[in-house]
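Below: one structure, written as structure tokens.
The values are calculated or read from the model by the stated rules, or taken from the named source; none is laboratory data. Since the model is a prediction, treat every value here as computed from it, not as a measurement. All Cβ positions, glycine included, derive from the backbone under ideal geometry; neighbour counts span all protein chains shown. Just so you know, the surface numbers come from the protein's heavy atoms only, side chains and all, with ligands and any DNA or RNA stripped out. Shrake-Rupley method; radii C 1.70, N 1.55, O 1.52, S 1.80 Å.
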Amino acid sequence: MSTLRLGPLLRYTDGSSATVWVETSRPCTAEVRCADGAGGTARSFQIAGHHYALVPVTGLTAGTTTTYEVLLDGTQVWPLPGSPFPPSAIHAPGPEGDLNVAFGSCRWASPPAGGDDPVGPDALDALATRLAADPEGERPHVLLLLGDQVYADETSDSTQRWLAARRDLKEGPGSGVADYEEYTHLYYESWLDPRIRWLLSTVPSFMIFDDHDVIDDWNTSAAWLADMRSTGWWQERLLSGLMSYWVHQHLGNLSLEELAADPVYETVRETPDGTDALRAFVAKADADAATARWSYRRDFGRVRLVMVDSRAARVLAEDERAMLDPGENAWLREQVLDGPETYDHLLIGTSLPWLLPHLVHDAEGWNAALCGGERGERWARFGEKVRRAADLEHWSAFPESFAGLAELIAEAGTGRDAPATVCVLSGDVHHAYIAEPTWPGPGPGPDARVLQLVCSPVHNSVPLSMRLAFRIGWSAMARGIGRGLARHGRLASPPVGWRKTGGPWFGNQLMTLTLRGRSARLRLEHAKTREGAGPRLTTLLDSELAP
């Protein structure tokens, strides 16, 4: 008899359909059966000895909520017997109405219940605790996880003990994961947490990778990549990381129509063992990023989300550096500018912040100029060392891409059909803040209110030195230092100015956007420990963004 190894995860949802992802112990037919008669089935597929199914659920009624159960070969496996949580449910959004979008990034797996947590209470655990206690209360309609869903290079003590039983950790990649099987262990560690498992079964989630899903500072530079490829372990780590991402995260981002048109998904499902087909696909994507697209677009009524791959789609050659390759950049423009009259709010999801503290921005631009040879070969070698040591690889480290995004946002946010807000949603930097850009020139700038909203981590920490650096980075003194670096790097002035309008806030946290018509509110919540009752969320900020 097949059993449920991982999941269910409620993933894509719209007014009439949804997908539910599961991992099973052996080949089987997975079924989702809803209380209102909606449902669907899917035969499992196999990758590297593991069995998965993405069940298409059809027949949902827009604007309603229905509970569901999961069956494998006709036997119910979810809800779990004796579960303390409310029944898992699918909410099929209507064409109008409020939309609550919760988002954050950087979740290091929580320790087992009762274990010591070195980084404090988990914000997703706290969210699950609140929802379970009041299942009829306000809840996110969608959860956006903006990168570092697993940490392939910073494993827990328990995972390191498990790895040591498989291989010698003195050999590369040491205590980081090495292959697909080890990646699956990270997902078990992260998603089998009982509260997280229930939360992901009942709140639709959309995801994108960041560096730690593969390795810290993934695709920092061409020189960095050459060094990685010279090791004996990098290729297997990368291909396994992309394969596991495709299985555990990417598939659930896609609509039923996109899945039906995906040749890789079709091949994997029709082949007794899809491992070779998937491995060939990600190997081709590694060799030529233009052959795969990890970015995607979702429309939630009159809210548009464009989630951008700011890791694998990079151009790394120093004389051509770009955050997005030409095809990806063209796709982004097409999605943002398609039918502007059809959306009231534009959300651009990118794991890496677009707007950073001014000193950090200028330091990254200066470093990019040095690495590009602006001050000669000796400075270029120095710049590469600094780039890696200081993690200088955000949008501002790709100046033309930074300017291009500014131009696109201004274009989308200007005119008769401009949305009320354009919000860039990001994580990565292990703290939260709000920044608001302004465009120089005689005009007033975009008609939409434009904001950079950064929320990180969900469950991690930041050293004191970095806290101080991020606080100081916004100061007048830091701006002066930054201007000096910009002059040394012979940098042109950025096409936008910006100021911090909130934060920085440190700790494990989540942001929630509530979008109603053309109005928008933002709430920031911190996870706190509540004696004897699990983690809870406390509100630090509740602010109107658009009336």
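Quick notes on this one:
- In the range 288-422, the portion of solvent-accessible area held by carbon and sulfur atoms comes to 50 percent [1.4 Å probe, whole percent, DNA, RNA and ligands not counted].
- For LYS500, the aspartates and glutamates whose Cα falls under 15 Å of its own Cα, not counting residues fewer than eight places away in the same chain, are GLU436.
- Rg and Dmax of the chain, both derived from C-alpha coordinates alone, stand at 22.7, 70 Å.
- Apportionment of accessible area to carbon and sulfur, the range 432-547, percent (1.4 Å): 54
- Solvent-accessible area, 1.4 Å probe, carbon plus sulfur percent, for the range 109-199: 49
- For the range 107-219, size of Cβ-based charge dipole, Lys and Arg +1, Asp and Glu -1, in debye: 420
- Given charges at Cβ of Lys, Arg, Asp, Glu: the chain dipole, positive-most of PRO121, PRO444, GLY372: PRO444
- Rounded to the nearest 20 debye, dipole of the range 397-447 from Cβ charges on Lys, Arg, Asp, Glu: 100
- Taken about its Cα centre, the range 34-166 carries a charge dipole of roughly 460 debye when the Cβ of each Lys and Arg holds +1 and the Cβ of each Asp and Glu holds -1.
- Accessible area (Å², per residue) of the chain, counting only protein heavy atoms and a probe of 1.4 Å: 39
- In degrees, nearest ten, helix 180-191 long axis to first principal axis of the chain (Cα): 80
- Of the GluC sites (Glu not before Pro) in the range 84-189, the ones in a loop by DSSP (not H, G, I, E or B) with at most 15 other beta carbons within 10 Å are GLU96, GLU136, GLU138, GLU154, GLU171.
- Euclidean distance between Cα centres, the range 486-547 to the range 91-144, Å: 16
- Long-range HN-HN contacts of GLY104 with modeled amide H, under 5 Å: LEU144, LEU146
- Net charge in the neighbourhood of ARG269 (other residues with Cβ under 11 Å of its Cβ; Lys, Arg +1, Asp, Glu -1) is -2.
- Dipole axis of the chain (+1 Lys, Arg; -1 Asp, Glu on Cβ), positive-most option in GLY502, SER456, ALA292: GLY502
- Considering only LEU491, ALA35, VAL308, and ranking their Cα positions along the charge dipole of the chain that arises from unit charges at the beta-carbon of Lys, Arg, Asp and Glu, the one farthest toward the positive end is LEU491.
- Between the range 400-436 and the range 305-341, the alpha-carbon center distance in angstrom: 14
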